[in-house]
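Single-structure report; data block below.
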Amino acid sequence: MTAASLLHALDQQLVVEMFQYAGRVFGDELQEELEALETHPSMSPVFGVPWIAYVSEFDGRPLLDSFLEDLGDSLRRQERMWLEVQRKGWLSIWEVVAVDSGRSIDLRDVLTSEERHVHEVSASKSVERHQLILARVVDAGSMSLICGMHPLALDPLEGAAVIESVRKLLRRKTAVTPDRLRDPKVAWRMLFGWSDAITRRGTPPRLQNKDGDPILLTVDRWKFDRARSGEVRARLAKIPGASPSDDNTFDFIDANDVLTGHVEITHHNLNASTNSIARADALRAQIESACEGLLRSHIRSHQDPLAQWDEMSSSPSAPPPPSSPEIDSVISKMKERHYTEWLTKPLPALNGKTPLEAARTKSGRAQLEALVKSIEMMESHLPAGERYDVRKLREALGL
């Protein structure tokens with residue numbers, strides 16, 4: 001067994017002994033604490049039992065203190081040393097900075113700004129960069145371990161409200177000392193916030209464009225006789241709002257100077273991309289009316305960002321949907337336009353500010369950071385050809 005495995009085994013043994021001790025000495029209080037924990041969604045013994053041992057207070061003091069006072073003399077030196085190490089650990093919200101699957105995780109405490117390289121086999125197989133975990137991290141010499149972790153991680157946007165709630169309780173917007181987080185009141189605030197975020201997952205955020213339509217990336221495709229491509233281009237150019245970018249591409253701009261669609265001609269194909277069904281239907285009607293008698297074999301496809309995110313998150317090993325260089329090119333250009341528009345769009349997640357407006361204040365930049373990290377996570381789950389380079393957003397926002 002590795003040194004980390006030996007310490008985990010020792011901790012599990014002592015946590016069970018402390019739990020049994022609490023049952024004998026603080027029976028009613030223990031039952032109340034267990035019932036309080038069980039009301040939280042996805043609670044598990046892996047998180048709940050260490051919580052009892054190292055976070056809960058009984059009769060006004062930490063269980064660990066009472067246990068050592070009553071039974072400390074019967075413990076081996078190694079066991080007492082480990083419990084002293086546990087005294088210095090703390091529960092917090094940690095951002096996953098890097099993952100070596102099956103080996104370790106690099107973490108950053110978002111409340112204290114402490115950083116740790118944690119030896120962790122199990123969790124390192126399920127978490128990913130930018131996710132937030134609720135966990136107790138313990139330093140044993142030069143080694144750091146996770147001793148109690150909530151079974152569900154949050155993405156940066158979900159966790160932003162939890163972090164803000166804890167900071168309000170601490171009355172501190174900047175980094176705090178680990179000692180502040182050892183207060184059970186602070187730990188409970190983290191857990192309540194975590195549970196609320198998990199519950200809200202049942203009602204995912206509604207993405208919409210400037211028309212108020214739900215975001216649904218939509219591509220309409222037609223074929224035409226290649227010999228008549230010049231005529232197709234000429235008719236497209238006459239559609240109101242059509243703005244040619246070059247010989248083979250047209251942007252469609254409405255009366256409010258908003259980009260509503262994009263058309264690209266490749267060989268004998270015409271591809272029209274929009275970000276909602278309403279815009280797709282309107283553009284399709286214009287194209288088919290203008291190019292009557294020239295187009296055939298219409299096909300429409302959709303890509304729902306939220307649905308794809310949910311599918312990839314629940315089944316990370318599922319094979320990606322079929323793609324092609326042509327489809328990748330259309331999706332890539334669609335995303336470029338979508339995120340260019342996104343920069344100037346008021347967002348509920350930013351309290352009604354646009355990303356560019358939010359970037360001007362310290363609090364707005366913190367909200368933006370969570371939002372952009374969530375986008376990075378979503379894009380990382382897509383096939384390589386469909387990913388948007390989120391560094392462009394960071395550069396535009398100065399993040």
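The values are calculated or read from the model by the stated rules, or taken from the named source; none is laboratory data. Because the structure is a prediction, the values reported are computed rather than measured. Note that each Cβ is placed from the backbone with ideal geometry, even for glycine, and that neighbours are counted across all protein chains shown.
Points to keep in mind about this one:
- Phe224 passes every criterion in (1) touching a residue at least 40 places away in the same chain (Cβ under 8 Å); (2) more than 30 Å from Arg284 (Cβ to Cβ) apart from (2).
- Considering residues of segment 24-40 that are loosely packed, with under 13 Cβ neighbours inside 10 Å and over 34 Å from the mean Cα position of the chain (by Cα) only, the residue farthest from Asp196 (Cα to Cα): Arg24
- Val186 in the same structural domain as Phe58 (by TED's automatic domain parsing), of a type in the set (Val, Ile, Thr) and not in a loop (DSSP other than H, G, I, E, B): yes
- Comparison of Leu75, Leu111 shows that the only residue that is within 25 Å of Val176 (Cα to Cα) and in the same structural domain as Met18 (by TED's automatic domain parsing) is Leu111.
- Looking across segment 373-392 at every residue that is in a helix (DSSP H, G or I) and in contact with a Pro (Cβ under 8 Å, 6 or more places away or on another chain), the one that is modelled with the highest pLDDT is identified as Lys373.
- For Arg279: the one exception among (1) buried (at least 18 other Cβ atoms within 10 Å of the Cβ); (2) farther than 26 Å from Gly352 by Cα; (3) out of contact with any helix residue (DSSP H, G or I) (no Cβ under 9 Å at 6 or more places or on another chain); (4) not aromatic (Phe, Trp, Tyr): (2)
- Wholly enclosed helices (runs of 4 or more DSSP H) of segment 299-367 bearing at least 2 residues assigned by TED's automatic domain parsing to the domain that holds Phe224 and modelled with pLDDT under 80: 305-314, 325-342
- Sole exception among (1) closer than 30 Å to Ser126 by Cβ; (2) in contact with a helix residue (DSSP H, G or I) (Cβ under 7 Å, 6 or more places away or on another chain); (3) surrounded by 15 or more Cβ atoms within 10 Å (Cβ to Cβ) for Gly385, by number: (3)
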